[in-house]
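Undergrad: A single structure is presented below for examination.
The values are calculated or read from the model by the stated rules, or taken from the named source; none is laboratory data. Only a predicted model underlies this, so the values are computations on that prediction, with no experimental measurement involved. For neighbour counting, all protein chains shown are included, and Cβ atoms are generated from backbone atoms with ideal geometry for every residue, glycine included.
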Amino acid sequence: MKVNYTEVSEYLKLERFKKKVSQDKIAEFIGISGNTYRSYENNPETITLDVGVKISEFLDCNIFQFFLDSMLQNATKEKQE
């Protein structure tokens with residue numbers, strides 16, 4: 001099963017916009033640089049488990065569920081093809 005990282009990236013951005021917080025604020029909470037967080041948001045395949053947990057806590061969302069949902073959607077599409 002593959003994760004659609006584009007969808008994960010868009011989800012992270014959407015959740016951040018909903019909370020009206022900057023990338024730098026999330027980075028500060030996590031304890032990383034703003035540039036590192038930006039790279040995570042644009043390339044979510046590089047997010048480690050501990051960082052994912054902190055992002056989920058800050059945004060009050062479950063990014064892991066989104067990863068799983070994305071994998072399941074792609075697996076369903078692959079079966080239909």
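Undergrad: Within the stretch 13-49, take every residue that is part of a helix (DSSP H, G or I) and out of contact with any helix residue (DSSP H, G or I) (no Cβ under 9 Å at 6 or more places or on another chain) and give me the one that is surrounded by the most Cβ atoms within 10 Å (Cβ to Cβ).
TA: Once the filter is applied, the top-ranked residue is Leu14.
Undergrad: Here is a check on your reading of the model: is Thr76 of a type in the set (Ser, Thr, Tyr) and at pLDDT 75 or above?
TA: Judged against the criteria, Thr76 is not a match.
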